[in-house]
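For reference, the structure discussed in these notes is given below.
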Amino acid sequence: MHALWNAKLAPYEDGYFDPYYDGLLYLFSLMHLSGKYQVIKPQTH
């Protein structure tokens with residue numbers, strides 16, 4: 001968890017960087033590793 005938290009989001013060697021996609025992957029991985037990534041199911045009547 002600490003390695004991911006301290007990871008630097010930086011462009012790849014070829015200069016490509018997509019802050020939206022890479023940021024979402026980073027967010028989802030933090031949520032998954034912290035145990036806070038949960039599926040919220042719709043309520044049934």
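The values are calculated or read from the model by the stated rules, or taken from the named source; none is laboratory data. Source: prediction; values computed, not measured. Note: ideal-geometry Cβ built from the backbone for every residue, glycine included; neighbour counts use all protein chains shown.
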Residue list for region 2-45, filter: surrounded by 10 or more Cβ atoms within 10 Å (Cβ to Cβ), among the hydroxyl-bearing types (Ser, Thr, Tyr) and assigned to a helix (DSSP H, G or I) = 26, 29, 34
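This table checks each residue for (1) under 13 Å from the mean Cα position of the chain (by Cα); (2) at pLDDT 85 or above.
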| residue | (1), (2) |
| --- | --- |
| 4 | yes, no |
| 12 | no, no |
| 35 | yes, no |
| 38 | no, no |
| 42 | no, yes |
